[in-house]
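Trainee: Below is one structure. I have some questions about it.
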Amino acid sequence: MHKRKEHDLEFEQRVKAKLQAIGRYLYALRHSRGKSLKAVGKSIKMSPALISKIEKGGHNFKLTQLFRLAKYYKASIKDIFKADNETDHLSAK
């Protein structure tokens, strides 16, 4: 049972790290385009507060939300999911 808890904790940590990397990548996309949270939110009908939470990695977003953001930024979902802690801020186009 102890091993299972360790595995679950490790999985949760990896998910949290991935959400943070995706969030930083989305933040970099938004900033590289000079857009405010309010402007993006209005355009895709999503609250600026929710977009901020996603960018901070503190929200388990729905895939539909991620697709809306990707479409707005004209970014590939594949590139967004490839974001990692080392390169996410460098590769946002």
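Trainee: Filter the helices (runs of 4 or more DSSP H) completely within the stretch 11-78 down to those with at least 3 residues that are surrounded by fewer than 18 Cβ atoms within 10 Å (Cβ to Cβ) and touching a Lys or Arg at 6+ places or on another chain (Cβ under 9 Å).
Mentor: Output list reads 37-44.
Trainee: Filter the stretch 80-93 down to residues that are surrounded by 15 or more Cβ atoms within 10 Å (Cβ to Cβ) and at pLDDT 85 or above and give me whichever is farthest from Lys35 (Cα to Cα).
Mentor: Among those residues, the one meeting the criterion is Ala83.
The values are calculated or read from the model by the stated rules, or taken from the named source; none is laboratory data. Just so it is clear, the model here is predicted, and its values are computed rather than measured. Using ideal geometry, Cβ is built from the backbone for each residue, glycine included, and neighbour counts are taken over all protein chains shown.
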